[in-house]
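Below: one structure, written as structure tokens.
The values are calculated or read from the model by the stated rules, or taken from the named source; none is laboratory data. Predicted, not measured: the structure shown is a model, and the values here were computed from it. In this analysis, Cβ positions are derived from the backbone assuming ideal geometry, glycine residues included, and neighbour counts consider all displayed protein chains.
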Amino acid sequence: MTPSATIPHPDRAAARWRALERWEQLTALPMFFVAVAFFAASSILLIDVQLPTDAQGQLTTVVSVSWMLFIAEFVVRLLVSPAKLTFVRSRWFDLLSLFVVILRPFLIVTYLWRLPFFRGGGARAKRTRNVLAVSIASLLYVYTASLGVYLVEHNTSGANILSMGDALWWGFTTITTVGYGDFTPVTIAGRALAVSLMVSGVLIVGFVSATIMSAIREDAHTIAAKLTAKVPGEAEATAQGQGQAAR
């Protein structure tokens, strides 16, 4: 009889979940840099179409190798997981990003979230991490949407978004709900991206505002609790001092 055969099934499953967690922690930082490399290489390929042939080949290699690493890392985690369906349900975005190219830049946030900095801590630390993660995801979303608008607009007749700089300016003014109107998309795809940015801007502002207000309320309750606990002690000390003075 092998040693593993003597281990109850629930214990084996728990051991494999722990192994999966260790694997995700160990690969978080390397895969984060892989995601950044994919993001940078794919952006350059899409924006600068006049790159030398050698540079295009090298960047294409970076994109292809990064994609294969994404697939390999996901497959390893899937094999280690004791419950495949549960794993896929909890990591559905990772799986979807393997097939939908536009989602792959957001793997930066996924791998960043697996770093030790984003684990543990109290409610305040969790809120800080949430705001940081949403901020990074928002920047990536603005960049991705701006890149999409640039690609569909810059060669269109009558368009005024002709460079990536114009697209980024338009993206940030749109998601912040400022909307100067100096740059506007004219294609259906560009306008669809504009609507998504407008909706996202409202949601992001609401989330950040709610998080900040929650932190302020918690601080106020903490201060009030400390003051409430401090008052009886001060009253007792005052009474003792008065008694000693009377004697």
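Candidates are the residues of segment 190-215 that are more than 30 Å from Ser163 (Cα to Cα) and of a type in the set (Ser, Thr, Tyr); the one that is surrounded by the fewest Cβ atoms within 10 Å (Cβ to Cβ) is Ser209. The residues listed here are Arg217, Arg191; of these, the one that is modelled with pLDDT of 90 or more and either closer than 25 Å to Val131 by Cβ or over 23 Å from the mean Cα position of the chain (by Cα) (or both) is Arg191. The criterion of at least 1 residues that are among the β-branched types (Val, Ile, Thr) and free of Cβ contacts under 8 Å to residues at least 12 places away in the same chain is met, among helices (runs of 4 or more DSSP H) falling completely within segment 1-98, by 53-80, 84-90.
Any idea which of Val186, Val142 is part of a helix (DSSP H, G or I) and not assigned by TED's automatic domain parsing to the domain that holds Tyr111?
That would be Val142, the only listed residue that is part of a helix (DSSP H, G or I) and not assigned by TED's automatic domain parsing to the domain that holds Tyr111.
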